[in-house]
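Below is one structure, written out as structure tokens; the observations come after it.
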Amino acid sequence: FDEFVEALPVSARNKAQILSVSELSPHQVDQPLLQQLAILRALLRKPQLLMLDEAFTRMDPVLLKNTEAVLFSQSESLTLILATNDLLQASRLTDRILFLLDGRVVECTPTTRFFTNPKTRQAESFIAGRDDSF
């Protein structure tokens, strides 16, 4: 694990932080850092697919940037499925958007197309932050 962390594309401070908490019990670690640690432990297994559901909630901007950098560094060998309500994050991290509403697929399209030319009124309203389609 130490070698894996040392090779990560994150700041030296973040590496030291990760290594200092990696042996602690989960209840001894702040939630945002615990989330990053869980992602790193999952990546250590070299998965082909990683599914994350609101995995970055409560992370400060620096920790979020470091964690995203780690995920991007693995992008050649990893398919990431990210469930999020954060539109900015979805626009930064994804190649495709699968927009769900009430458990149904409303749109499945390339990310740039979703944000520049949504196919449905529901997606357009969601992107604009309007509540008229719900």
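Mind checking the full-extension length gain between SER25 and PHE72? Use 0.36 nm per residue of separation minus the Cα-Cα distance, one decimal, nm.
14.2 nm
Evaluate E = 1/(1 + (r/R0)^6) for ASP95 and ALA38, where r is the Cβ-Cβ distance and R0 equals 30 Å; express this FRET efficiency to the nearest 0.05.
Efficiency, rounded to the nearest 0.05: 0.80.
Can you tell me, using C-alpha contacts under 8 Å and at least 6 residues apart, the relative contact order of the range 1-112 as a whole percent?
Relative contact order here is 22 percent.
Treating cross-link reach as a plain straight distance, find the aspartates and glutamates whose alpha-carbon is under 15 Å from the alpha-carbon of LYS119, omitting any fewer than eight places away in the same chain.
Straight-line reach from LYS119, under 15 Å: GLU107.
Amide H to amide H under 5 Å from ILE97: which residues, 5+ apart in sequence or cross-chain, H placed 1.01 Å off N in plane?
Here the answer is THR109, THR111, since their amide H atoms fall under 5 Å of that of ILE97.
Report the full-extension gain for the segment THR79 to GLN48: residue separation times 0.36 nm, less the Cα-Cα distance, to one decimal in nm.
Details: separation 31, 0.36 × 31 = 11.16 nm, distance 0.60 nm.
Roughly 10.6 nm would be gained on extension.
Compute from the Cα atoms of the range 1-118 the Rg and the Dmax, the latter being the longest Cα-Cα distance, and quote both in angstrom.
For the range 1-118, the Cα radius of gyration and maximum Cα-Cα distance read 15.5, 47 Å.
May I ask you to work out the translational diffusion coefficient for the range 57-134 at 10 °C, viscosity 1.306 mPa s, via Stokes-Einstein with Rh from the Kirkwood sum over Cα pairs, reported in whole µm²/s?
Details: Rh = 13.8 Å.
For these conditions, the coefficient is 115 µm²/s.
Could you work out what % of the accessible surface of the chain is carbon and sulfur, using a 1.4 angstrom probe and leaving DNA, RNA and ligands out of the count?
Carbon and sulfur together cover 51 percent of it.
The values are calculated or read from the model by the stated rules, or taken from the named source; none is laboratory data. The structure displayed is predicted, hence computed values, not measured ones. All Cβ positions, even for glycine, are placed from backbone atoms using ideal geometry, and neighbour counts span all protein chains on display. Each accessible area value is taken on the protein alone, full model and side chains, heavy atoms only, with ligands, DNA and RNA left out. Shrake-Rupley method; radii C 1.70, N 1.55, O 1.52, S 1.80 Å.
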